[in-house]
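> Before anything else, here's the structure in question.
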Amino acid sequence: MATEGEPADLVKVLHLLVLSFSWGMQVWVSFIAGFALVRQVSRHTFGLVQSKLFPVYFSCLLGGNVVSLAVYAMYHPKVLLVWQESVQMLLYFVALLAAGLNARWLGPAATAVMFQMREVEKEHGLGEQIGLGSQKEEYAKLREQDPKYRACKGTFARYHGLSSLCNLIGFICTTANLIYTALNLSTI
């Protein structure tokens with residue numbers, strides 16, 4: 001039975017479920033689904049799938065991180081935090097910030113540029129081959145010959161790189177929080 005100031009069992013279970021859901025979703029989307037899909041569909045289909053999947057993924061991560069941070073902050077008042085709990089709270093906040101950047105700025109910007117690149121590639125008969133590595137010479141030639149495509153490619157690389165970095169940072173934060181929570185289950 002929870003005493004005053006301690007979370008009820010239902011809150012503890014909710015906290016663990018949300019944290020586990022976020023971590024599992026990050027593992028699946030970041031490390032498994034993309035690698036499996038990229039070998040099975042065309043480049044443009046892969047981009048279309050990502051353009052539909054990522055907004056849902058980033059929004060779910062954002063929501064999960066909001067719930068995790070709110071529950072943790074509610075039951076761990078700032079004045080009573082030990083340094084490990086302060087670090088965990090910071091990790092929840094960083095994960096929330098990373099998911100927010102991806103959901104509201106980096107993801108949509110990368111998708112918009114990806115669709116611009118897709119149009120140029122279609123004009124040159126590219127993008128319908130299976131796998132991202134095929135027709136490397138044709139893509140290199142297109143980059144050299146078309147300044148619009150080159151600019152789009154550079155912009156996409158920046159947004160995609162920043163988005164991937166935010167995703168990795170969020171994953172590391174969620175992993176650390178999950179490990180810390182597992183090692184301290186009695187203090188949730």
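> Being more than 21 Å from C166 (Cβ to Cβ), out of contact with any helix residue (DSSP H, G or I) (no Cβ under 7 Å at 6 or more places or on another chain) and among the basic types (K, R): is that true of R104 here?
no
> OK, next. Report whether or not A110 is modelled with pLDDT of 95 or more and among the hydrophobic types (A, V, I, L, M, F, W, C).
Working: modelled with pLDDT of 95 or more: yes; among the hydrophobic types (A, V, I, L, M, F, W, C): yes.
Judged against the criteria, A110 is a match.
> From L96, L101, L162, which residue is surrounded by 14 or more Cβ atoms within 10 Å (Cβ to Cβ), touching a Cys at 6+ places or on another chain (Cβ under 7 Å), in contact (Cβ under 8 Å) with a residue 24 or more places away in the chain and not hydroxyl-bearing (S, T, Y)?
L101
> Mind checking which helices (runs of 4 or more DSSP H) fall wholly inside the stretch 27-107 and carry at least 1 residues that are under 23 Å from V11 (Cα atoms) and of a type outside the set (V, I, T)?
Fully inside the stretch 27-107 and qualifying: 43-75, 83-101.
> Further question on the same structure: Give me the pairs, please: first residue somewhere in the stretch 109-123 and among the acidic types (D, E), second residue anywhere and at pLDDT below 90, beta-carbon distance under 6 Å, and either six or more positions apart or on two chains.
So the pair list comes out as E121/G127.
> Continuing with the same structure: Kindly indicate which of V27, V18, V41 is hydrophobic (A, V, I, L, M, F, W, C), over 12 Å from the mean Cα position of the chain (by Cα) and closer than 21 Å to L97 by Cα.
V18 is the lone residue from the list that is hydrophobic (A, V, I, L, M, F, W, C), over 12 Å from the mean Cα position of the chain (by Cα) and closer than 21 Å to L97 by Cα.
> Further question: Take the residues of the stretch 44-66 that are polar (S, T, N, Q) and farther than 20 Å from I169 by Cα: which is farthest from the chain's Cα centre (by Cα)?
Taking the candidates together, the pick is T45.
> From the list G64, G24, G34, which residue is touching a residue at least 24 places away in the same chain (Cβ under 8 Å), out of contact with any strand residue (DSSP E or B) (no Cβ under 7 Å at 6 or more places or on another chain), within 30 Å of F156 (Cβ to Cβ) and small (G, A, S)?
Only one candidate passes the filter, namely G64.
> Just to be sure before I move on: is T181 surrounded by fewer than 20 Cβ atoms within 10 Å (Cβ to Cβ) and part of a helix (DSSP H, G or I) in the structure I sent?
Yes; evaluated as a whole, the condition is true for this residue.
> Criterion first (surrounded by 13 or more Cβ atoms within 10 Å (Cβ to Cβ), among the aliphatic types (A, V, I, L, M), more than 30 Å from Y139 (Cβ to Cβ) and out of contact with any Ser or Thr (no Cβ under 7 Å at 6 or more places or on another chain)) does V41 satisfy it? Full working, then the answer.
Working: surrounded by 13 or more Cβ atoms within 10 Å (Cβ to Cβ): yes; among the aliphatic types (A, V, I, L, M): yes; more than 30 Å from Y139 (Cβ to Cβ): no; out of contact with any Ser or Thr (no Cβ under 7 Å at 6 or more places or on another chain): yes.
When the stated conditions are applied, V41 does not pass them.
> Let me ask something additional. Only one of H160, H124 is modelled with pLDDT of 95 or more and either on the phi > 0 side of the Ramachandran plot or not polar (S, T, N, Q) (or both); which?
H160
The values are calculated or read from the model by the stated rules, or taken from the named source; none is laboratory data. Because the structure is predicted, anything quoted here is derived from the model rather than measured. Every residue, glycine among them, receives a Cβ derived from its backbone with ideal geometry; neighbour counts consider all protein chains shown.
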